[in-house]
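Working notes, beginning with the structure itself.
The values are calculated or read from the model by the stated rules, or taken from the named source; none is laboratory data. Source: prediction; values computed, not measured. Virtual Cβ from ideal backbone geometry, glycine too; neighbours counted across all protein chains shown. Quick note on the areas: whole protein, heavy atoms, side chains included, nothing else; ligands and nucleic acids left out. Shrake-Rupley method; radii C 1.70, N 1.55, O 1.52, S 1.80 Å.
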Number of protein chains: 2
Amino acid sequence: MAVKHFAKEGLESLVAQLAAGMGVPGEDAALFAEVLVDADLHGVSTHGVSRLNIYLKRIDAGLIDPKAALTVDRQTGSIVALDAGNGLGQIQARKALDMLMPLARANGVAAATIRNSQHFGALSWYCNHAASRKMVLLAMTNCEPAMSPEGGYEAFFGTNPIAASFPTGKGFPVKIDLATSTVARGNIIAAQKKGAAIPEGWALDREGKPTTDAAEALLGTVLTMAGHKGYALALMVELFSGVLSGSAIGSGVGSMYKNLDRKQDVGHFFCLFDIGAFLDYGDYLRRMDSTIDRIKSQKKRPGVEEILVPGERSARRAGTNAAEGIPLPDETVAELKQWCSRLNVAFDTLEALG
Amino acid sequence: MAVKHFAKEGLESLVAQLAAGMGVPGEDAALFAEVLVDADLHGVSTHGVSRLNIYLKRIDAGLIDPKAALTVDRQTGSIVALDAGNGLGQIQARKALDMLMPLARANGVAAATIRNSQHFGALSWYCNHAASRKMVLLAMTNCEPAMSPEGGYEAFFGTNPIAASFPTGKGFPVKIDLATSTVARGNIIAAQKKGAAIPEGWALDREGKPTTDAAEALLGTVLTMAGHKGYALALMVELFSGVLSGSAIGSGVGSMYKNLDRKQDVGHFFCLFDIGAFLDYGDYLRRMDSTIDRIKSQKKRPGVEEILVPGERSARRAGTNAAEGIPLPDETVAELKQWCSRLNVAFDTLEALG
């Protein structure tokens, strides 16, 4: 598919104007746009501007409240249990993280659950933000059903991701960010579009049998990574972000694309650690950087050119995209133009770089 | 291998007497014995009494300090950075957990790093203990090198496990407890003893090439589970429990069996959450139990008799072993007898149940 490249600032401005056009208050619209475009900047285009269309559609259908306040259900010491008020996940998660910062600074650690939320984009923005404040963030979220528990074959868990990031002195944070599924559902959709088979171990069909047929897989369930271990981790994510938060749980979570008649009610979990509470920050950086050096200087397996640390590739991509522009496929550009037209926002202020 | 069964209480008493015989103070010896025997009780015999021999040998060689105090390097709010003083991991980890309990009760969350420790047995004891106090424990530890980062082939990470447990109203806690390796090294050793091949995807040989030869695999490295995802999680465990704690990192961690000339310097990480800080405990239990019910009543894959929740199988095993006695292989019984003989402890007070 053809792509065009756009400058980060212009794209953020356009996304913010469109969100504001659908009723998101100005400051919140800017927060939202920054997180959305940041995903594209880091190469996670599945969680970036390509999702704007469905977010705006859901606001339009009354399924997301663009003006929702973030309210505190309960606060005890360093714990805040939050209600996102069915607002945009990116905005509410950012505000939650802002609430945790002073608590973590005071007590060394703080945690939040957030219920009644939506898909909140790529976990990486929150992680990188924490790392830039000399903190470690552990983040999880439940999401719309895609995977079954080991032994079952009904979609129950989302691809329930877990993420954590750690600042370094290397110019990029170490960023662990992984779905607990074998593979993203997007890869199966891509195989189906190409008429290609999928590898064994990716998915089950509607009757719970292993399949390599992409179309059958899309009617069935995606497998958890590493079998029962991925099941256990997906459950851990569900318990922290769903059961503890008061959000919907498992198959009760609404689908962003399929359920155009009800809210998602996603739950998130954040735990923020102040590194300086554990050890001197300078010592920490020396220990971290030496760990990275030791990993990267390992003997390489046959055919491997470079050993990468998690987060390194996406940081490089962000550098490239900052310099050359953020690539958007024509389909996403066409969606942006439609919303611009509807909301009387000038698209032509967004100049394609190539 | 032939096994004999022993009552839990008798085994705990014997293990405590042997530890005390090697200089562990009486109360600490009882703590240690309880954790060690609990692993066998729950069917994790690789982390139970079969390890007593090497612990005592290492005390004898001056590589573990049986009388070590647990000291506080730093405390900030809900964070304690601890020095295990090269004491037995089980004892120091229990004491660390006891320190966290009131902090978590007061602030909703508390975390500890523990450096200068040893192998501390099965994570499940700590997790179950927290669950019995209406708390959720997230636990990690680094351990002796076995796995390489994705793309490399030198042993760097241990099989770096991650665990969490959650109380339920079902008579057992949900217990997530997994190594981030494809398989435990013990499975490869077992294959070698039988002269059997190992499946593809378990290990690399000394040159970083995939192998199905168990002997070659033991000279090489175990693969991380789910490739780069397991690498990312193993790194996360190393950063929380190694880098943040001040312990040895990666290949710097000593091997319990191979390095009989230096200490292990293992690092642990605990984060304890008070469930009542997030939501009413009654609500929590209802949400948790209904989640378990929904998972267990899923349609089952062909050939599957029952869908289990993590922790369920080990709880059943504990019930069986409590009733029928804890099985110990003759090899372990012989080791116990040798230590009894050396330390003038009466073995014959330990009655075999069958």
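Under 12 Å Cα to Cα from residue A:4, which aspartates and glutamates show up? Leave out anything in the same chain fewer than 8 places away. Residue A:4 reaches A:324, A:330, A:331, A:351.
With 40 Å² as the minimum drop in accessible area between chain alone and full protein complex (1.4 Å probe), the qualifying residues in segment A:268-293 are A:273, A:277, A:278, A:287, A:291.
Any idea what % of Cα-Cα pairs in segment B:219-284 are farther than 18 Å?
58
Using all pairs of distinct alpha-carbon atoms, the Kirkwood hydrodynamic radius of chain B works out to 21.3 angstrom.
Under a Cβ-only charge scheme (Lys and Arg +1, Asp and Glu -1), can you give me the dipole magnitude of segment A:193-343 about the Cα centre, in debye to the nearest 20? All intermediate terms of the calculation are to be shown ahead of the outcome.
Working: 20 positive and 20 negative charges, 43 e Å.
With Lys and Arg at +1 and Asp and Glu at -1, about 200 debye.
Projecting 7 Å from Cα along the Cα-to-Cβ direction, the label point of residue A:286 sits 5.5 nm from its equivalents in the other copies, listed shortest first. In angstrom, the C-alpha Rg and Dmax of the protein assembly as shown are 25.9, 90. In a GNM of chain A with a 10 Å cut-off on Cα contacts, which of A:151, A:121, A:230 has the highest mean-square fluctuation? In this elastic network of chain A, the residue with the biggest mean-square fluctuation among A:151, A:121, A:230 is A:151.
Provide A:1, B:256 ordered by accessible surface of protein heavy atoms (probe 1.4 Å), highest first. Before the final figure, lay out the partial values.
Numbers: A:1 160, B:256 0 Å².
Largest accessible area first, the list is A:1, B:256.
With contacts taken as Cα pairs under 8 Å at a separation of at least 6 residues, segment B:230-354 carries a relative contact order of 12 percent.
Dipole magnitude of segment A:281-354 about its Cα centre, charges +1 at Lys/Arg Cβ and -1 at Asp/Glu Cβ only, in debye to the nearest 20?
On the way: 12 positive and 12 negative charges, 122 e Å.
The dipole magnitude comes to about 580 debye.
Whole-percent P(r), segment A:19-90, all Cα pairs, 5 Å bins from 0: 4, 15, 22, 21, 16, 12, 7, 2.
The mean number of Cβ atoms from other chains found within 10 Å of a Cβ in peptide A:151-158 is 5, as a whole number. Solvent-accessible area lost on pairing B with A (1.4 Å probe, both sides summed) amounts to about 7000 Å².
Relative contact order of segment A:169-304: what whole-number percent is it, with Cα pairs under 8 angstrom and at least 6 residues apart?
Working: 133 pairs, mean separation 23.5, N = 136.
Relative contact order, segment A:169-304: 17 percent.
With every protein chain in place and a 1.4 angstrom probe, the accessible-area ranking of A:291, B:71, largest first, reads B:71, A:291.
Probing with 1.4 Å while keeping every protein chain in the model, the per residue accessible area of the protein assembly as shown equals 37 Å². Only protein heavy atoms count here; under a 1.4 Å probe, residue A:330 has an accessible surface of about 60 Å². Between copies, residue B:46 shows label-point distances of 3.1 nm, shortest first, with the point placed 7 angstrom from Cα along Cα to C-beta.
Please state the relative contact order of chain B as a whole percent: Cα pairs under 8 Å, 6+ residues apart? Don't jump to the answer; show the numbers that get you there.
On the way: 739 pairs, mean separation 83.0, N = 354.
Relative contact order comes out at 23 percent.
Cross-link partners of residue B:209 among lysines, defined as those whose alpha carbon lies under 26 angstrom from its own and excluding same-chain residues fewer than eight positions apart: A:229, A:296, A:299, A:300, B:193, B:194, B:229, B:258. Here the scattering of segment A:170-303 is modelled by Debye summation over its C-alpha atoms, one equal scatterer each and no solvent; at q = 0.09, 0.16 Å⁻¹ the log10 of I(q)/I(0) is -0.46, -1.05.
Residue B:59 contributes an accessible area of around 20 Å² to the protein surface, as traced by a 1.4 Å probe with all chains present.
Taking the Cα centre as origin and putting +1 on Lys and Arg beta-carbons and -1 on Asp and Glu beta-carbons, what dipole magnitude results for the protein assembly as shown, to the nearest 20 debye? Intermediate results must be reported in sequence, preceding the final value.
Numbers: 72 positive and 76 negative charges, 18 e Å.
With Lys and Arg at +1 and Asp and Glu at -1, about 80 debye.
Normalised by 2.2 N^0.38 Å, where N counts its residues, the alpha-carbon radius of gyration of segment B:67-177 equals 1.15.
By its C-alpha gyration tensor, with a ≥ b ≥ c as the square roots of the eigenvalues, how is segment B:1-153 shaped: rounded for a/c under 1.5, else prolate for a/b larger than b/c, else oblate?
Since a/c stays below 1.5, the shape of segment B:1-153 is classed as rounded.
Overall, the accessible surface of the protein assembly as shown at a probe of 1.4 angstrom is composed of carbon and sulfur to the extent of 50 percent.
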